[in-house]
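Below is one structure, written out as structure tokens; comments come after it.
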Amino acid sequence: MKSMVSISGIQENSRCRWLMLNTAEELSNDGQEVIEGLSQSPKTLPCRYFYDDFGSALFEQICDLPEYYPTRTEQSILESCASEIAQLTGACELIELGSGSSRKTRLLLDAYSQLNSPLRYCPIDVSTGILKTSALDLLQEYQTLHICGVAGTYEQALAQLPTPDLNPRLLIFLGSTLGNLEEQECTQFLAQIRQALQPGEYFLVGVDLQKAPEVLETAYNDSKGVTAAFNLNMLRHVNRTFQGNFALDQFVHRAFYNAIAHQIEMHLVSLQAQTVTLESLKFQVTLQAGESLRTEISRKFHLPTFSAVLAAQGLRSLRIWTDPQDWFALLLCQSV
Ligand code: AVI
């Protein structure tokens with residue numbers, strides 16, 4: 001019989017525990033980033049405001065769109081190399097940053113199940129809703145699995161990873177989410193990852209590679225408008241968080257490839273001159289007609305350069321896998 005306890009409204013049992021780092025108190029400084037972004041030129045909003053529960057659900061839909069190749073390409077690479085990864089690392093505690101629905105992780109869990117060792121998984125996501133739903137699904141699917149779910153931002157989680165049940169650990173960061181960071185932020189983030197790992201522990205990272213601009217632009221301008229809805233939902237999230245009055249119908253989605261910076265940029269373009277108030281921040285921002293707010297960058301990587309950046313941060317690439325078109329890469333690194 002499993003013992004059931006309720007912590008922060010979430011049920012816990014003997015195979016599942018939770019670390020809640022995303023309390024209102026922990027996130028209370030966030031408004032500063034929003035004020036800074038809206039005060040600079042060009043104006044920006046932090047891309048993590050995409051991911052409330054609705055935004056996370058929209059992102060799941062994006063992953064299934066025919067135009068959005070990264071998810072299925074990474075998935076196909078993982079399908080062919082998951083057991084090799086498990087063989088290379090041996091039994092590991094799996095920790096996943098930005099776990100979402102953990103759909104690709106199932107391939108790794110299947111591969112690690114074959115090792116006949118304890119199965120330990122620590123999903124980390126800022127969205128408590130999707131974290132809880134997918135953890136409960138996984139517990140049903142994998143009878144020997146133990147989960148320690150962490151609700152919080154990547155930075156919060158990396159600074160306070162739960163004590164491992166199993167050593168070594170494999171830190172997983174899929175989906176090219178690293179591409180959503182500016183170059184300098186990316187380097188700092190890799191340094192944080194290296195710091196969170198002991199020498200000899202592993203890091204598995206998926207990155208989207210440079211390719212024809214048409215392929216990229218189609219992926220971020222899907223025909224059903226799901227990416228547009230995802231982009232606009234950020235304003236809904238900001239409104240809710242900071243008592244704001246962004247009018248969603250006064251902005252349109254725009255995504256294009258910046259070939260100089262090798263990045264997709266997502267923007268929300270203001271349809272008219274307008275002033276928006278964020279009541280709880282006591283902050284107002286004025287936008288001109290046609291002025292845009294940049295909501296996301298999605299950098300596209302050059303593999304040899306990226307591997308060198310990892311190495312400079314003490315993360316040595318052990319193996320690299322790509323798809324036949326060289327659109328996406330998966331790198332297994334070991335911390336030195
Ligand atoms: C999460 N991240 C890697 C996605 C990307 O492709 O940069 C977010 C996304 N934005 C629009 N579509 C998907």
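The values are calculated or read from the model by the stated rules, or taken from the named source; none is laboratory data. Not measured: the values here are computed from a predicted model. Using ideal geometry, Cβ is built from the backbone for each residue, glycine included, and neighbour counts are taken over all protein chains shown. Remember, those area values only see protein heavy atoms, side chains included, never the ligands or the DNA or RNA. Shrake-Rupley method; radii C 1.70, N 1.55, O 1.52, S 1.80 Å.
Express the accessible area of segment 46-92 per residue in Å², computed with a 1.4 Å probe while the remaining protein chains stay in the model.
That works out to 40 Å² per residue.
Report in % the part of the accessible area of the chain that belongs to carbon and sulfur, leaving out ligands and nucleic acids; probe 1.4 Å.
Its accessible area is 50 percent carbon and sulfur atoms.
Accessible area of His262 (1.4 Å probe, protein heavy atoms only, ligands and nucleic acids ignored): about 70 Å².
If the chain linking Ala247 and Ser80 were pulled fully straight, counting 0.36 nm for each residue of separation and taking away their Cα-Cα distance, it would gain 55.6 nm. With the whole protein complex present, Arg48 retains an accessible surface near 70 Å², based on a 1.4 Å probe. With no solvent and one equal point scatterer placed on each C-alpha of the chain, evaluate the Debye formula and give log10 I(q)/I(0) for q = 0.06, 0.07, 0.15 Å⁻¹, two decimals. For the chain, the Cα-only Debye profile gives -0.21, -0.29, -1.35. When the charge dipole of the chain is built from unit charges on Cβ atoms (+1 for Lys and Arg, -1 for Asp and Glu) and taken about the Cα centre, the candidate among Leu109, Phe54, Asn221 whose Cα reaches farthest toward its positive end is Leu109. A Förster radius of 22 Å, combined with the Cβ-Cβ distance separating Ala191 from Ala159, puts the computed FRET efficiency at roughly 0.95. Give the residue list of chymotrypsin sites (Phe, Trp or Tyr not before Pro) in segment 45-86 that are DSSP loop and have at most 14 other beta-carbon atoms within 10 angstrom. The qualifying sites: there are none. At an R0 of 35 angstrom, the distance between the Cβ atoms of Ala273 and Glu214 translates into a FRET efficiency of 0.55.
The alpha-carbon atoms of segment 173-242 define a convex hull whose volume equals 138 cubic angstrom per residue. Spatial offset of segment 201-264 relative to segment 57-134 amounts to 22 Å, using the alpha carbon center of each.
Our helix-only sum for the chain, with -39,500 (n - 2.57) per DSSP H run of n ≥ 4 divided by its residues, gives a mean residue ellipticity at 222 nm of -11000 deg cm²/dmol. When both bridge partners sit in the chain, DSSP labels roughly 60% of those beta bridges antiparallel. Prolate is the label for segment 34-191, because the ratio a/c of its alpha-carbon gyration tensor axes (a ≥ b ≥ c) is 1.5 or higher and a/b is greater than b/c.
Within the chain, the whole DSSP H helices whose Cα atoms reach 18 Å or more along their own axis and whose mean Kyte-Doolittle score is at least 0.0 are 128-141, 226-242. Altogether, the Stokes-Einstein calculation at 4 °C and 1.567 mPa s, with the Kirkwood radius of segment 62-137 over Cα pairs as Rh, returns a diffusion coefficient of 97 µm²/s. In terms of Cα atoms, the Rg and Dmax of segment 246-336 work out to 19.8, 53 Å. Temperature 25 °C, viscosity 0.890 mPa s: under these conditions the Stokes-Einstein estimate for segment 192-324, based on its Kirkwood radius over C-alpha pairs, is 139 µm² per second.
Based only on Cα atoms, what mean projected area does the convex hull of segment 120-198 have, in nm²? With every direction weighted equally, the projected area is 5.6 nm².
Excluding ligands, DNA and RNA, the accessible surface per residue across segment 272-336 is 46 Å² with a 1.4 Å probe.
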